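Structure first, then comments.
The values are calculated or read from the model by the stated rules, or taken from the named source; none is laboratory data. Fair warning: this is a prediction, and the values are worked out from it, not measured in the lab. Counting neighbours? That spans all protein chains shown, and the Cβs are built from the backbone with ideal geometry, glycine included. When the accessible area is computed, the model is the full protein with side chains, heavy atoms only, and any ligands, DNA or RNA have been set aside. Shrake-Rupley method; radii C 1.70, N 1.55, O 1.52, S 1.80 Å.
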Amino acid sequence: MRPLRIALTKGRLEKSTVALMERAGLDCSALRDKGRRLILPIGDGLEAVLAKAGDVITYLEHGVCDLGVVGKDVILERGGQFFEILDLRFGKCGFALAAPAGADFYQGYQGKTIATKYPNVARRFFQGKDMDVRVIKIEGSVELAPLLGLADGIVDLVETGATLRENGLEVVEPVAEVSARLIVNAASLKLRKREIEALAEKLETANQ
Ligand code: PRP
């Protein structure tokens with residue numbers, strides 16, 4: 001049987017994920033000194049791959065990785081067929097609706113335009129309010145859209161709030177809380193239940 005394979009989100013969540021795995025007693029020396037290697041042995045019948053958040057879900061859904069660490073933001077936007085088994089409680093931030101400071105976002109009858117990197121999250125939020133909005137997908141700094149007059153508001157991740165503040169924007173309403181989650185492929189959970197549960201337990205204990 002191949003080692004249990006875990007896909008880790010590289011970038012923002014990487015440091016905290018590796019630190020947690022080390023606290024759980026896993027040998028992460030290959031992850032700390034990876035060079036150009038893409039599949040990294042962790043020992044104890046476990047190996048890791050580092051991937052972009054969306055790819056973590058893709059690998060997991062196709063069953064080539066058994067587990068994944070990914071932000072709830074990506075889970076909420078992409079959805080997918082997998083189980084979310086642990087809230088890892090790092091990478092904490094939130095989705096929020098934000099608009100130019102002082103502007104009354106909900107005022108007026110004309111349709112609102114929302115710029116976001118997360119169109120599904122934004123659409124669902126406004127559907128929940130029975131509000132018809134135009135959603136424009138932006139790839140980069142979404143905060144720019146209302147400043148340029150392209151959008152009335154944005155739905156984006158807010159961590160410290162500094163980006164909003166420095167650009168004259170403010171939170172109108174929180175949309176959802178976000179943190180890193182441990183996710184599992186459904187077939188793996190059935191076939192390798194014991195190994196997966198043991199790993200999840202180790203991580204949970206180390207995360208207390
Ligand atoms: C995120 C988000 C905001 C910013 C919020 O962008 O899109 O722009 O962080 O953080 P703050 O509340 O602490 O200012 P990120 O830095 O991840 O860059 P990105 O545009 O590449 O997603």
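Return the residue satisfying two criteria in turn: it lies in segment 21-57 and is touching a residue at least 40 places away in the same chain (Cβ under 8 Å) and of a type outside the set (A, V, I, L, M, F, W, C), and of such residues it is farthest from ARG181 (Cα to Cα).
GLY45
Being more than 10 Å from the ligand (Cβ to nearest atom) and open to solvent by 30 Å² or more (accessible area, probe 1.4 Å) is the filter here; which residues of segment 145-162 pass it?
LEU147, LEU148, GLY149, LEU150, ASP152
Counting only residues that are near the ligand (Cβ under 8 Å from one of its atoms) and not polar (S, T, N, Q), which one in segment 128-144 is most open to solvent (accessible area, probe 1.4 Å)?
Only one residue fits best here, namely GLY140.
In segment 163-192, what residues are open to solvent by less than 30 Å² (accessible area, probe 1.4 Å), within 12 Å of the ligand (Cβ to nearest atom) and more than 16 Å from the chain's Cα centre (by Cα)?
Those that are open to solvent by less than 30 Å² (accessible area, probe 1.4 Å), within 12 Å of the ligand (Cβ to nearest atom) and more than 16 Å from the chain's Cα centre (by Cα): LEU164, LEU169.
For GLN208, all conditions in the list (1) assigned to a loop (DSSP other than H, G, I, E, B); (2) at pLDDT 95 or above hold save one; what is the number of the exception?
Single failed check for GLN208: (2).
Looking only at helices (runs of 4 or more DSSP H) that fall completely inside segment 1-79, which ones have 1 or more residues that are open to solvent by 30 Å² or more (accessible area, probe 1.4 Å) and over 24 Å from VAL155 (Cβ atoms)?
Result: 14-23, 29-32, 53-61.
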